[in-house]
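Starting off with a structure, shown below.
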Amino acid sequence: EESPMEVLPEVIEPPSRPSLVLVTMDTTRADRLGIYGHDKAKPPALDALALDGTRFERAYATVPLTIPSHASMFTSLYPPRHGVHNNGDAILPDEATTLAELLQAEGYQTAAAVSAFVTTRAWNMDQGFDAYFDDLRAAAQGQGRWAAERRADSVVDDLEGWLESVDASRPAFIWAHFYDPHDPYAPPESMREDFARRPYDGEIAFMDSQIGRLQGLVESRYGENVAWILVADHGEALQGEHGEKTHGLYLFDPTMRIPFIIRPA
């Protein structure tokens with residue numbers, strides 16, 4: 001008697017790996033975004049990404065300072081482990097394994113564009129990136145490197161050029177760092193009138209407009225197979241909250257509670 005033919009299961013090709021965009025929003029408080037309840041906010045791109053994904057209500061910075069906070073984000077280590085405790089006290093060691101290095105080893109094309117001295121390659125933040133856009137020479141003229149910053153549109157300009165050159169058949173990991181909400185609060189001319197009394201909100205609104213622009217550029221190259229992570233490195237004390245101007249000393253909600261949004265592919 002003949003045995004019945006073996007029926008093999010249908011082979012289903014796994015989906016291609018998604019690209020990943022990490023947006024770090026410097027000095028951005030959670031309670032100044034519309035999706036977190038700020039009725040005067042105008043950040044449609046951030047709100048839309050949050051509505052399509054997950055918004056974390058109780059997310060807190062590791063440190064209310066940019067360099068150690070980013071070091072922790074990229075290594076999943078606390079400052080005692082990675083060794084960076086303060087802005088300017090240490091660089092991220094070569095021995096640390098970063099998210100970019102892990103993805104690069106898996107075949108991802110990697111690029112970063114940053115907007116302030118505290119996220120340049122001077123702090124060894126470029127580990128694992130094929131391209132790292134951090135030229136602040138023009139911004140530093142007349143004010144020194146610690147005060148230099150690039151606006152969000154310059155960051156996106158760099159990534160736009162890089163995206164035009166990548167192999168769209170391979171996934172990408174992109175890090176965009178936006179420094180706009182950091183003190184001093186000076187939104188671009190196009191937004192100054194609308195935010196004359198709320199310049200900090202104006203900075204966030206301009207940053208949001210460039211996040212939306214970046215989303216359009218990435219999706220024009222990779223379609224919707226893109227995962228997004230949007231997070232702040234720390235918040236900001238406004239109007240002297242808890243006796244602090246800006247951030248860096250105290251651990252209250254204004255400087256420690258941060259927006260954290262994930263929108264999967």
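The values are calculated or read from the model by the stated rules, or taken from the named source; none is laboratory data. All values derive from a computational prediction rather than experimental measurement. Neighbour counts are summed over all protein chains in view; Cβ atoms, including those assigned to glycine, are modelled from backbone coordinates with ideal geometry. For accessibility, only protein heavy atoms count, side chains too; no ligands or nucleic acids. Shrake-Rupley method; radii C 1.70, N 1.55, O 1.52, S 1.80 Å.
Which whole-number percent is the relative contact order of the range 39-114 (Cα, under 8 Å, 6+ apart)?
Normalised by residue count, the contact order of the range 39-114 is 18 percent.
Any chance you could get the radius of gyration and Dmax over the Cα atoms of the range 77-125, in Å?
Reported Rg and Dmax, both Å: 11.9, 33.
With a 1.4 Å probe and all protein chains left in place, how much of the accessible area of the range 65-167 comes from carbon and sulfur atoms, in whole percent?
The value for the range 65-167 is 47 percent carbon and sulfur by accessible area.
Related question: Which one, ALA131, ALA147, SER169, projects farthest toward the positive side of the charge dipole computed for the range 122-175 from Cβ point charges (K/R +1, D/E -1)?
Of the candidates, ALA147 comes out farthest on the positive side.
Moving on to the next point. Picking from ALA227, ALA140, ALA105, which is most flexible by a Gaussian network model of the chain using Cα springs under 10 Å?
ALA105
Let me ask you something else. Compute the distance from the alpha-carbon center of the range 219-259 to that of the range 49-117, in whole Å.
If we compute the Cα centre of each part, the gap is 13 Å.
For the pair GLU57 and GLU219, what calculated FRET efficiency results from E = 1/(1 + (r/R0)^6), where r is the Cβ-Cβ distance and R0 = 30 Å, to the nearest 0.05?
Efficiency at R0 = 30 Å is approximately 0.65.
With a probe of 1.4 Å, find how much accessible area the chain has per residue, and write the answer as a whole number in Å².
50 Å²
Something else about it: Could you give the dipole magnitude of the chain about its Cα centre, charging the beta-carbon of Lys and Arg +1 and that of Asp and Glu -1, in debye to the nearest 20?
1100 debye
With the Cα gyration tensor of the range 177-265 in hand, give its eigenvalues times 5 under a square root as the equivalent ellipsoid semi-axes, listed largest first in whole angstrom.
Those come to 28, 19, 8 Å.
Still on this structure, please answer the following. Compute the relative contact order of the chain as a whole-number percentage, counting only Cα pairs closer than 8 Å that sit 6 or more residues apart in sequence.
So the answer I get is 32 percent.
Calculate I(q)/I(0) for the chain by the Debye formula, one identical point scatterer on each C-alpha and no solvent, and give its log10 at q = 0.08 Å⁻¹ to two decimals.
-0.33
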